[in-house]
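What follows is a short report on a single structure.
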Amino acid sequence: MKALVSVKRAVDYNVRIQVKPDGSGVVTEGVKHSMNPFDEIAMEEAVRLKEKGKITEIIAITVGGAKNEETLRSALAFGADRAIHIKEEGEIQPLTAAKALAAAFKKEGAQVFFAGKQAIDDDANQTGQMVASLLDLPQATFASKVELDGNKATVTREVDAGLETLEVDLPAVITADLRLNEPRYLKLPDIMKAKKKPIDVQSFSSLGVTPGAGLKTTKTSAPPKRSKGIVVKTVDELVAALKGKGLL
Amino acid sequence: MSKVLVIAQHADGKLSAAVSKTVSAAVAIGGEVVVAVFAVDGAAVAAEAAKIAGVTKVLTVNNAANEHLLAAALAPQIVELAKGYSHVLFPGTTFGKDLAPRVAAKLDVQQVSDIMAVNSPTSFDRPIYAGNAITTVEAPASPLILGTVRLASFQAAAQGGSAAVESASVSATIPTHTRFVNLEAQKSDRPELQSANRVVSGGRALASSENFKIIYDLADKLRAGVGASRAAVDSGYVPNDMQVGQTGKIIAPELYIAIGISGAIQHLAGIKDARTIVAINKDAEAPIFEVADFGLVGDLFQVVPELTGKV
Ligand SMILES: Cc1cc2nc3c(=O)[nH]c(=O)nc-3n(C[C@H](O)[C@H](O)[C@H](O)COP(=O)(O)OP(=O)(O)OC[C@H]3O[C@@H](n4cnc5c(N)ncnc54)[C@H](O)[C@@H]3O)c2cc1C
Ligand SMILES: Nc1ncnc2c1ncn2[C@@H]1O[C@H](COP(=O)(O)O)[C@@H](O)[C@H]1O
């Protein structure tokens, strides 16, 4: 069983985001980037399923500029067998990414599409669902547990009300939530080995994808700042302060 | 003029509180506001939706396949129903986040996620980078605009409406490739996290599920909802539906009390709209104090029981 895992390059989650003073976006130049954390979890899950013998081949895939190659190399170090780089510079919105990912999934004839539930840069939480929709496949989003069994998957999902379990026929799209697993640390030998694994370079045109109109960002601003409040010394002071504000 | 379709979320025959907030966003867009209730029998839910002020009409789409509100089952029906509307809005809950993109892709529309402000019928503000930046986006009006609504950014629309309820029929092929197995819902008598006026949250510092009693005791005294950091959920002290933050629940209570929580940006993303934030932490350097209106440096195991006794 072949699995495709989408991995996106994003500003590292530890970076303090700076909005450019002219409102044209956030500062990304010279800032640490890494694989979107949810995609690391998706990768880890695919690797574990391969270790269990449920998956036979893992293909990592990304849509983005030349720098995304480093994200694919990380995915290969995790344990992907090979990678596809849909090389396109500039902003790529979820629907466009989804069209390209869906086209590649179809071309590969894979059985499972793993994605992160959201990318921590655009926080869109769309792409996996869109891939499923474009291909009329089942989707199991926000997964915290995945079991593959023959031609179906049983997936537990983190929903607002608690934990929901779905059974879906394969092929299917599964998006990873935080508690699906804890991704392994990459080891140097694996990072070295990853350098030799093949990356197939594609483009929107090679996959027959035309980017749509999409959203136009007209301004990016910093959120309203919360001012630092006061430090109280005792519980009594805290109670008095809250009473003073009418909160108790 | 705009014609906005709001997709209703409901469970156990009751309308979700998220819907009246979504309606507020629809009203901000202007024009007609139509709420669609997909259900096995949507009569009771539709009657509730009809009472929301600002709603022009409620449509019920009854179908046995709508029992569990699965995205795969609902999406083809919404695609049919959406024809003729200028906007389709979903609540920014796990229900809406799962479903909306499935509809958007079918309509070939780039979705606007987490609408936090409506500037005009085509211009919206939305957060990116865990709310550390806000973008203003212009969405193409054609064929329609589709988005999810960030609930913490909108007040619930008032009651007092009396919209007409009609049943709608849609012809859509509903796939059978996705089957509901079960829902393990957490039952609690405490106020629901996303609509509670007051929320008390505990973090890793609680160190066990038994110790979380300290948090529950204070919450019960305050009639507050209870939340948690990711670390507390990951460690198994509390269930996942209590997580507050970028990937948990985004909340906007009048009072938020963070106890033994360091204040990572991903946690702060969930509480930026809280009116007043109180932090209790033994580390005076913890980042949570940067955003707290009132900070108390101390050991939670001493301070919190004392606080519970005094409120
Ligand atoms: C992609 C991604 C998404 C994430 N999403 C979320 C999210 O939605 N929500 C979320 O919360 N986190 C999220 N996180 C995790 C986040 O980065 C932090 O790891 C997490 O919030 C830390 O939880 P904590 O504050 O409870 O634990 P810690 O950071 O370990 O803080 C514990 C605090 O307790 C204090 N303390 C210890 N003992 C005591 C005591 N006796 N009395 C008083 N204080 C004490 C310590 O001083 C410390 O400040 C996410 C991370 C990633 C990478
Ligand atoms: N440009 C991209 N390249 C590869 N994967 C992507 C890309 N955009 C989105 N994804 C995948 O879709 C998930 C959700 O992204 P988003 O919808 O942008 O929040 C991510 O975690 C990735 O797995």
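Assorted remarks:
- In this rough spin-label picture, where each label sits 7 Å from Cα along the Cβ direction, the A:VAL231-A:ARG16 distance is 1.8 nm.
- When each of A:LYS117/B:LYS221; B:LYS221/B:LYS272; A:LYS107/B:LYS249 is checked by Cα-Cα distance, pairs over 27 Å: A:LYS117/B:LYS221; A:LYS107/B:LYS249
- According to the calculation over all Cα-Cα pairs in region B:3-167, the P(r) per 10 Å bin from zero is 11, 44, 36, 8, 0 %.
- Ordering B:GLY92, B:ALA46, B:PRO127 by the projection of their Cα atoms onto the charge dipole of region B:1-137, which places +1 on the Cβ of Lys and Arg and -1 on the Cβ of Asp and Glu, puts B:PRO127 at the extreme positive end.
- The value of relative contact order for region B:218-311, using C-alpha pairs under 8 Å at least six residues apart, is 23 percent.
- Two-site label geometry, A:VAL31 and B:ALA44: point separation in nm, points 7 Å out along Cα→Cβ: 4.8
- Selection from A:VAL7, A:MET192, A:GLY212, by position along the positive dipole direction of region A:2-221 (Cβ): A:MET192
- Efficiency of FRET from Cβ geometry, B:SER142 and B:ASN182, R₀ 41 Å, rounded to 0.05: 0.50
- Computed over the Cα atoms of region B:140-217, the ratio of the radius of gyration to the Kirkwood radius (Rg/Rh) comes to 1.10.
- Under 20 Å from the B:LYS282 label point (7 Å along Cα→beta-carbon), backbone N, region B:162-203: B:201-203
- Point-to-point label distance, A:THR217-A:ILE199, nm (Cα→Cβ direction, 7 Å offset): 2.3
- For region A:2-221, the relative contact order comes to 26 percent (Cα pairs under 8 Å, sequence separation of at least 6).
- Rg/Rg_globular for chain A, with Rg_globular taken as 2.2 N^0.38 Å and Rg from C-alpha atoms: 1.17
- Share of Cα-Cα pairs in region A:152-248 lying beyond 15 Å, as whole percent: 84
- Net charge, B:GLY13 excluded, C-beta distance under 13 Å - Lys, Arg +1, Asp, Glu -1: -3
- Within region B:278-304: backbone nitrogen closer than 12 Å to the B:LYS221 label point (7 Å, Cα to C-beta): B:302-304
- Net dipole in debye of region A:1-84 [+1 Lys, Arg Cβ; -1 Asp, Glu Cβ; about Cα centre; nearest 20]: 120
- Ranking of B:SER208, B:SER195 by count of other Cβ atoms within 10 Å, fewest first: B:SER208, B:SER195
- Interchain or long-range residues, amide H under 5 Å from B:ALA168's placed H: B:THR60, B:VAL61, B:ASN62
- Entries in A:LYS87/A:LYS195; A:LYS243/B:LYS187; A:LYS2/A:LYS197; A:LYS32/A:LYS219 that, when Cα-Cα distance is taken, lie over 20 Å: A:LYS243/B:LYS187; A:LYS32/A:LYS219
- Here the peptides A:76-89, B:134-147, B:258-271 are ranked by packing, the mean other Cβ count within 10 Å, and the order with the highest first is B:258-271, A:76-89, B:134-147.
- As a ratio to 2.2 N^0.38 Å, the alpha-carbon radius of gyration for region A:1-148 is 1.03.
- Cα centre as origin, Lys/Arg/Asp/Glu Cβ charges: region B:3-167 dipole, Debye: 180
- Contact order normalised by residue count of region B:3-167, Cα under 8 Å, 6+ apart, percent: 30
- For the protein assembly as shown, the equivalent ellipsoid built from the Cα gyration tensor has semi-axes of 35, 30, 23 Å, listed from largest to smallest.
- B:LYS14/A:GLU108 FRET efficiency (R0 51 Å; Cβ-Cβ; nearest 0.05): 0.70
- Compactness ratio for chain B: Cα radius of gyration over 2.2 N^0.38 Å (N = residue count) comes to 1.06.
- Here the residues A:MET43, B:MET1, ranked from fewest to most Cβ neighbours within 10 Å of their Cβ, fall in the order B:MET1, A:MET43.
- Charge dipole (debye, nearest 20) of the protein assembly as shown; +1 at Cβ of Lys and Arg, -1 at Cβ of Asp and Glu: 620
- Note on region B:198-310: Cα-Cα pairs beyond 24 Å make up 11% of the total pair count.
- Our helix-only sum for the protein assembly as shown, with -39,500 (n - 2.57) per DSSP H run of n ≥ 4 divided by its residues, gives a mean residue ellipticity at 222 nm of -7500 deg cm²/dmol.
- 10 Å Cβ neighbours from other chains, averaged over peptide A:18-25: 2
- For the segment A:233-244, counting C-beta atoms of other chains within 10 Å of every residue's C-beta and taking the mean gives 5.
- Choice from A:PHE204, A:PHE113, A:PHE38 with maximal GNM fluctuation in chain A (Cα, 10 Å cutoff): A:PHE204
- FRET efficiency for the B:GLU32 to B:GLN302 pair, using the beta carbon distance and R₀ = 60 Å, is estimated at 0.55.
- Packing-based ranking, highest mean first, of B:163-169, A:159-165, A:6-12, A:223-229 given that Cβ atoms within 10 Å are counted: A:6-12, A:159-165, B:163-169, A:223-229
- Extension gain for B:ASP108 to B:GLU80 (0.36 nm times residue separation, less C-alpha to C-alpha distance): 8.7 nm.
- Counts of other chain beta carbons within 10 angstrom of each beta carbon in peptide A:205-216 average 3.
Only the coordinates and a few stated rules stand behind these numbers; no lab work does. All figures in this text were calculated on a predicted structure; none of them were measured in a lab. Here Cβ is always computed from backbone atoms with ideal geometry, including for glycine, and neighbour counts include all displayed protein chains.
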